[in-house]
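Structure record follows, encoded as structure tokens.
Readers should treat all values here as calculations from the given coordinates under stated rules, not as data from a laboratory. Predicted model, so just to flag it, every value in this text is computed and none were measured. Note that each Cβ is placed from the backbone with ideal geometry, even for glycine, and that neighbours are counted across all protein chains shown.
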Amino acid sequence: MNALRLQQNFRGSRAHFVLQDAGASDVLATALKRLGVEVATTSVQTATVSLPELAADRDIVFLDGDVDFSFDPPLFRAGHLPPAPIIGIVGMEAPSRLKGLIHAGATAFLRKPVHTGSVYSALFMGMNGYLRWRDLESRIAARDQRRRGRRSVVKAILLVMDQNGVDDDEAYAVLRRACMKARVSLEDYCESLVGTTQVERIRRLTASAARSGRAK
Amino acid sequence: MAPKCYRVGLLFSTSGPYSVVAQSMLNGALLALEQVNAEPEAGVRLEPVMGDPGGVNAEYARLAREMLNDGIRHVVGCYTSSSRKEVIPFFEKHDALLWYPSHYEGFEASANVVYTGAAPNQHILPLTRYLIEEYGKHAFCVGSNYIWAWENNRILRETLLANDGEVIAERYLPVGETDFDPLIEKIVDARPSFVFNTLIGTSAYHFFRTFRAACEKRGIEQAREIPVASCSLSEPELEEIGPDAVDGHLSSSVYFSTIDSAANARFIEAYRARFPAGPTMSADAEATFIAVRLLSDALRSAGSDAIDPVREAVGGAAITAPQGRVSIDRDSRHAYLTPRIGRSNGRARFDIILESSRPVRPDPYLIESAPRYTLVARRPNLRIVS
């Protein structure tokens with residue numbers, strides 16, 4: 001498993017401000033400029049960020065918790081990975097506002113008034129929290145897919161056992177060698193095998209495996 | 001019209017584990033301050049208010065608070081980053097300015113600090129490039145256990161990894177530690193291309209002596225075979241190391257007393273005449289001298305010691321310093337400085353072996369050079385499975 005690589009340099013990134021008033025934007029823009037981050041859009045009181053155009057590797061949204069961001073259609077879907085990292089700007093430190101930011105997907109916070117000394121930490125936490133979340137989501141998705149595929153694996157093992165009179169370990173080994181040869185996952189291979197239900201094909205496969213076993 | 005008089009805090013640990021460097025910094029400050037007071041054209045008079053925190057962080061906090069509560073708005077001082085981080089909240093609270101005159105590890109740009117020492121792109125990066133080219137890619141890191149060492153080692157490790165090199169080991173010891181025997185055994189056994197040293201003060205001087213002696217005992221020509229490279233080693237520290245182990249050490253610095261220029265000759269002469277008892281000139285003393293000169297220029301053009309006009313005046317300000325032209329970057333309030341690499345000689349001075357052709361823009365967050373993502377040590381792509 002590869003270790004998650006943390007982002008440490010934000011040069012070339014683009015910031016999108018969704019702020020209640022312009023107050024925080026000057027300090028934030030100055031601090032971001034030092035870090036090589038350009039402010040791409042600033043919207044006050046309305047969220048005019050165009051979601052489909054956001055790219056997680058380039059954009060960062062600074063979302064003010066005091067803005068009413070319960071838009072229709074919703075700007076961010078509660079509990080879902082947002083299209084780009086979100087750093088919450090906290091004015092009213094009340095549970096309802098913080099909950100709103102968490103639901104929007106914020107992975108870091110900056111307290112109002114924004115203090116320049118906290119901006120790098122917020123970027124670092126916000127971006128890397130987002131990357132970790134994205135990494136976990138993709139790993140969970142991959143596992144779910146494999147879990148769904150286990151049914152086909154069991155079926156394929158039974159097929160090979162039934163057709164060739166081998167035990168389950170041998171049947172599994174046969175399938176494993178075949179999927180590696182075909183360069184697909186075991187689950188995908190078994191799914192296509194079971195899907196075709198071509199008994200002949202399974203027989204051929206086992207015969208060729210037996211030949212290669214004898215040849216060793 | 002009589003020049004306006006301002007009180008300036010000078011916060012240097014002239015006692016404690018890094019007193020030698022701090023004393024040379026205080027000397028640099030006093031030299032600049034006295035020059036300003038003697039020049040009618042300077043247009044200001046500076047009255048020093050001194051404090052010695054003895055290298056204790058809590059004392060830095062106490063003395064800084066006292067100075068600021070007393071109405072002082074500008075303090076020149078601090079050497080270690082831990083002491084600087086300790087006092088910055090007070091400067092922010094009182095909206096005062098700290099003039100921080102030492103090389104440091106970067107990743108900071110407080111609105112209440114002017115940084116006249118070297119940023120990491122002006123010390124560790126040129127040193128790493130030089131070490132890779134001249135000595136190899138296998139480093140052994142030894143440092144005092146605080147942010148200066150951690151962060152420099154991280155930058156070194158990332159640069160080495162990007163060049164297919166490695167950090168064999170990183171060892172940290174408490175500030176002031178002097179027992180190095182087990183560590184030196186490990187270094188000699190590991191045979192790195194070089195040792196990267198971020199020890200400070202007395203720990204560093206002990207390390208240089210013990211390491212040289214241990215190598216000699218084993219027939220290793222230390223300076224040539226396992227050189228020690230530092231970003232903080234200065235002339236007064238070479239004198240502390242002593243004659244048996246003083247030569248052959250590499251140091252990356254924006255100032256060496258051996259710089260051949262008229263401005264430096266004047267500086268050295270004035271410093272020697274004023275402080276015949278020493279300690280010898282150091283890069284941090286020059287950075288402190290620069291800080292006080294820039295402060296007096298900014299106070300004159302601002303016409304007051306209020307923070308906003310002084311901050312405005314210092315952004316873009318430039319002087320001809322002993323190292324060459326030095327100016328302040330408006331965005332980060334760090335200095336454009338000229339990186340150099342020196343090798344120490346038997347006279348406790350540095351022979352300059354490499355010099356940047358022009359002042360280098362400060363990049364405290366390394367946005368121009370750091371890889372976007374952190375690098376992780378490469379493991380072999382193939383592994384034995386049965």
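May I ask you to derive the FRET efficiency for B:R191 and A:R58 from their Cβ-Cβ distance with R0 = 41 Å, giving the value to the nearest 0.05? Efficiency at R0 = 41 Å is approximately 0.40. Pairs of Cα atoms nearer than 8 Å and 6+ residues apart set the relative contact order; for chain B it is 19 percent.
Could you tell me the distance between the Cα centroids of the stretch B:85-123 and the stretch B:270-321, to the nearest Å? Cα centroid of the stretch B:85-123 versus Cα centroid of the stretch B:270-321: 15 Å apart. Contact order for the stretch A:60-151, expressed relative to its length and based on alpha carbon pairs under 8 Å spaced 6+ residues apart, stands at 27 percent. Counting only Cβ charges, +1 for Lys and Arg and -1 for Asp and Glu, the dipole size of the stretch B:1-157 around its Cα centre is about 300 debye.
Taking the empirical scaling 2.2 N^0.38 Å for compact globular proteins as reference, the stretch A:75-126 has a Cα radius of gyration ratio of 1.11. Near the amide H of B:L354, within less than 5 Å, lie the amide hydrogens of B:I341, all on another chain or at least 5 residues away, with H placed in the peptide plane. Placing unit charges on the Cβ atoms of the charged side chains and taking the dipole of the protein assembly as shown about its Cα centre, the candidate lying farthest along the positive direction among A:P85, A:G36, B:G176 is A:P85. The length gained on full extension between A:R5 and A:A94, counted as 0.36 nm times the residue separation minus their Cα-Cα distance, comes to 28.7 nm.
So what is the relative contact order of the stretch B:219-279, in percent, for Cα pairs below 8 Å that sit 6 or more residues apart? Taking the mean separation of contacting Cα pairs over the length of the stretch B:219-279, I get 33 percent. When the Cα positions of B:P359, B:L33, A:S118 are compared along the charge dipole of the protein assembly as shown, A:S118 comes out farthest toward the positive end, with charges on each C-beta of Lys, Arg, Asp and Glu.
Once the Cβ-Cβ distance of B:A213 and B:A265 is raised to the sixth power relative to R0 = 30 Å, the FRET efficiency obtained is 0.25. Think of the protein assembly as shown as a dipole: +1 on every Lys or Arg Cβ, -1 on every Asp or Glu Cβ, centred on the Cα centre; then among B:G324, A:L175, B:H123, A:L175 lies furthest on the positive end.
Applying 1/(1 + (r/R0)^6) with r as the Cβ-Cβ distance of B:D331 and B:R358 and R0 = 30 angstrom yields a FRET efficiency of 0.95. In the protein assembly as shown, helices alone account for a calculated mean residue ellipticity at 222 nm of -14000 deg cm²/dmol, with every DSSP H run of four or more residues adding -39,500 (n - 2.57).
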